[in-house]
1. For the stretch 103-129, give me each residue that is outside any loop (DSSP other than H, G, I, E, B), open to solvent by 80 Å² or more (accessible area, probe 1.4 Å) and either small (Gly, Ala, Ser) or more than 21 Å from Leu48 (Cβ to Cβ) (or both).
2. Identify all residues within the stretch 77-102 that are open to solvent by less than 50 Å² (accessible area, probe 1.4 Å) and either more than 10 Å from the chain's Cα centre (by Cα) or modelled with pLDDT under 90 (or both); write none if there are none.
3. Being surrounded by 12 or more Cβ atoms within 10 Å (Cβ to Cβ), within 30 Å of Leu127 (Cβ to Cβ) and in contact (Cβ under 8 Å) with a residue 40 or more places away in the chain narrows it down to one of Ala54, Ala45, so name that one.
4. Cβ-Cβ under 6 Å, sequence separation 6+ or interchain: first residue in the stretch 98-115 and touching a residue at least 12 places away in the same chain (Cβ under 8 Å), partner part of a loop (DSSP other than H, G, I, E, B) and open to solvent by 50 Å² or more (accessible area, probe 1.4 Å). Which pairs?
5. Which members of the stretch 94-117 meet the condition of being over 21 Å from Ile70 (Cα atoms) and of a type outside the set (A, V, I, L, M)?
6. Within the stretch 1-20, track down each residue that is of a type outside the set (A, V, I, L, M) and either modelled with pLDDT of 75 or more or touching a helix residue (DSSP H, G or I) at 6+ places or on another chain (Cβ under 7 Å) (or both).
7. Look at the stretch 57-67 and say how many of its residues are part of a loop (DSSP other than H, G, I, E, B) and either open to solvent by less than 30 Å² (accessible area, probe 1.4 Å) or among the hydrophobic types (A, V, I, L, M, F, W, C) (or both).
Amino acid sequence: MSDPERPSAVRLWFSPRRLRAEGRTPDYRFSLANERTFLAWVRTALALVGGGIAADQFLTEMSRPFRTAIAAVLLAGGAVCAVRAVSHWVRCERAMRRGEDLPESRFPGLLAVGTAVAAVVLIVVVLVGAGR
């Protein structure tokens with residue numbers, strides 16, 4: 001059960017004042033490291049979005065439905081990565097303020113495997129297109 005006095009994590013995304021009210025202020029170096037990690041995730045999200053746009057624009061040798069599917073998967077991955085970035089940032093900041101262990105996350109592994117699969121699919125597409 002959730003505590004009615006405790007704001008939901010999503011509300012903390014848009015309310016830095018509420019986040020600051022939780023626990024004690026951690027060492028600024030840790031907060032800044034958390035922010036750098038957030039920005040790295042956002043860069044990854046932007047790269048996925050850029051990859052989706054590039055796939056749609058430059059894989060013209062491929063059939064339209066397959067090209068659209070690749071682009072959509074990359075764009076969706078970018079959106080998920082961006083949302084996950086802010087969620088993880090808030091969860092880590094909250095844990096640091098409360099003196100708790102940092103939250104565990106399977107997302108980096110999932111993102112790595114997803115990126116590898118996307119790369120293999122694109123390699124096959126490029127090689128098949130080059131063989132024509």
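The values are calculated or read from the model by the stated rules, or taken from the named source; none is laboratory data. Not measured: the values here are computed from a predicted model. Please note: Cβ atoms are built from the backbone with ideal geometry, for glycine as well, and neighbour counts cover all protein chains shown. To get the accessible areas, we keep the full protein, side chains included, count just its heavy atoms, and leave off ligands, DNA and RNA. Shrake-Rupley method; radii C 1.70, N 1.55, O 1.52, S 1.80 Å.
1. Once the filter is applied, which keeps residues that are outside any loop (DSSP other than H, G, I, E, B), open to solvent by 80 Å² or more (accessible area, probe 1.4 Å) and either small (Gly, Ala, Ser) or more than 21 Å from Leu48 (Cβ to Cβ) (or both), the stretch 103-129 yields Leu127, Val128.
2. Correct list: Val90, Cys92, Glu93, Arg94, Ala95, Met96, Arg97.
3. Within the list Ala54, Ala45, the selection yields Ala45.
4. From residues that are touching a residue at least 12 places away in the same chain (Cβ under 8 Å), the pairs are Arg98/Gly23.
5. Arg94, Arg97, Arg98, Gly99, Glu100, Asp101, Pro103, Glu104, Ser105, Arg106, listed by residue number.
6. Pro7, Arg11, Trp13, Phe14, Ser15, Pro16, Arg17, Arg18, Arg20 - these are the residues of the stretch 1-20 that are of a type outside the set (A, V, I, L, M) and either modelled with pLDDT of 75 or more or touching a helix residue (DSSP H, G or I) at 6+ places or on another chain (Cβ under 7 Å) (or both).
7. So the count comes out to 2.
For every residue, the table says whether it meets (1) aliphatic (A, V, I, L, M); (2) part of a helix (DSSP H, G or I); (3) touching a Phe, Trp or Tyr at 6+ places or on another chain (Cβ under 9 Å).
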| site | (1), (2), (3) |
| --- | --- |
| Thr37 | no, yes, yes |
| Trp41 | no, yes, yes |
| Ala55 | yes, yes, no |
| Ala69 | yes, yes, no |
| Gly78 | no, yes, no |
| Asp101 | no, no, no |
